[in-house]
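Report on one structure; see the data block that follows.
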Amino acid sequence: KAGVTQTPRYLIKTRGQQVTLSCSPISGHRSVSWYQQTPGQGLQFLFEYFSETQRNKGNFPGRFSGRQFSNSRSEMNVSTLELGDSALYLCASSPARGGLIPGELFFGEGSRLTVL
Amino acid sequence: QQQVKQSPQSLIVQKGGISIINCAYENTAFDYFPWYQQFPGKGPALLIAIRPDVSEKKEGRFTISFNKSAKQFSLHIMDSQPGDSATYFCAASKETSGSRLTFGEGTQLTVNP
């Protein structure tokens, strides 16, 4: 069974631009969540989508948004990029909200965003 | 406010030794405590997890110890191997919060051969 697939794996943007990251969950998984990983702040929850609805949102500004499609694939968008947005953005999927085992998320390898 | 504190930030042990990583949490509503292992260039992967109604859980060389009154839990890696060299994250969640995990800062473990 294929794992969580994230595209692109690497990208470089300049301040003020916007970026869209894509995530394909494990087949059959309906919940997709996004995390930001930085050396200074560690892993921080961005948002969770289930059945095309945002179920939970972390403490990030409105520049960060996402959506989920009917096939459970998800995208996240960051507008008006800032230098501090440079990070590894991780997508995780689970069969249902919280997974069969609460807290069991299956992570992709991430999209590494560099903002210049 | 960081709700899960993890220590140490880095840890070096010899092959065959015991690696111990500690975490403390603040929110008593947390009811699930997983540990994730992350290798360079990879996403985190679930290693082992525990609920607060259990004081200890063991899976192979990995053991979680949980102290509910102290709001602390720890990961013990017995007979540490070079292949265990990775970054380890403790986390906490509430069952009602779905996939929202609060992670500790991470511990970079190096096991020397």
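Points worth noting:
- Selected residue (only one of A:Glu109, A:Glu75 is of a type in the set (Asp, Glu) and touching a Gly at 6+ places or on another chain (Cβ under 6 Å)): A:Glu109
- In the condition set (1) in a strand (DSSP E or B); (2) among the small types (Gly, Ala, Ser); (3) within 12 Å of chain B (Cβ to nearest Cβ); (4) free of Cβ contacts under 8 Å to residues at least 24 places away in the same chain, A:Ser33 is compliant with all but (4).
- In region A:42-62, residue surrounded by the most Cβ atoms within 10 Å (Cβ to Cβ) [restricted to those that are more than 9 Å from every other protein chain (Cβ to nearest Cβ) and outside any strand (DSSP E or B)]: A:Phe60
- When region B:86-104 is limited to residues that are outside any helix (DSSP H, G or I) and either more than 17 Å from B:Gln9 (Cβ to Cβ) or over 14 Å from the mean Cα position of the chain (by Cα) (or both), the one that is modelled with the lowest pLDDT turns out to be B:Gly98.
- Among the candidates A:Leu81, A:Leu88, the residue that is at pLDDT 95 or above, surrounded by 16 or more Cβ atoms within 10 Å (Cβ to Cβ), part of a loop (DSSP other than H, G, I, E, B) and of a type in the set (A, V, I, L, M) is uniquely A:Leu81.
- Candidate set: region B:47-84, residues that are among the hydroxyl-bearing types (Ser, Thr, Tyr) and more than 14 Å from the chain's Cα centre (by Cα); chosen: the one surrounded by the fewest Cβ atoms within 10 Å (Cβ to Cβ): B:Ser69
Quick grid of which residues meet (1) in a strand (DSSP E or B); (2) out of contact with any helix residue (DSSP H, G or I) (no Cβ under 7 Å at 6 or more places or on another chain); (3) more than 16 Å from B:Thr102 (Cβ to Cβ):
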residue: B:Gly17; (1), (2), (3): no, yes, yes
residue: B:Cys23; (1), (2), (3): yes, yes, no
residue: B:Trp35; (1), (2), (3): yes, yes, no
residue: B:Leu47; (1), (2), (3): yes, yes, yes
residue: B:Thr63; (1), (2), (3): yes, yes, yes
residue: B:Ala70; (1), (2), (3): no, yes, yes
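- Condition met for A:Ser65 (part of a strand (DSSP E or B), of a type outside the set (A, V, I, L, M) and either more than 14 Å from the chain's Cα centre (by Cα) or within 14 Å of chain B (Cβ to nearest Cβ) (or both)): no
The values are calculated or read from the model by the stated rules, or taken from the named source; none is laboratory data. This one's a predicted model, so the numbers in the text were calculated from it and none came from an experiment. Positions of Cβ are backbone-derived with ideal geometry, glycine not excepted, and every protein chain shown enters the neighbour counts.
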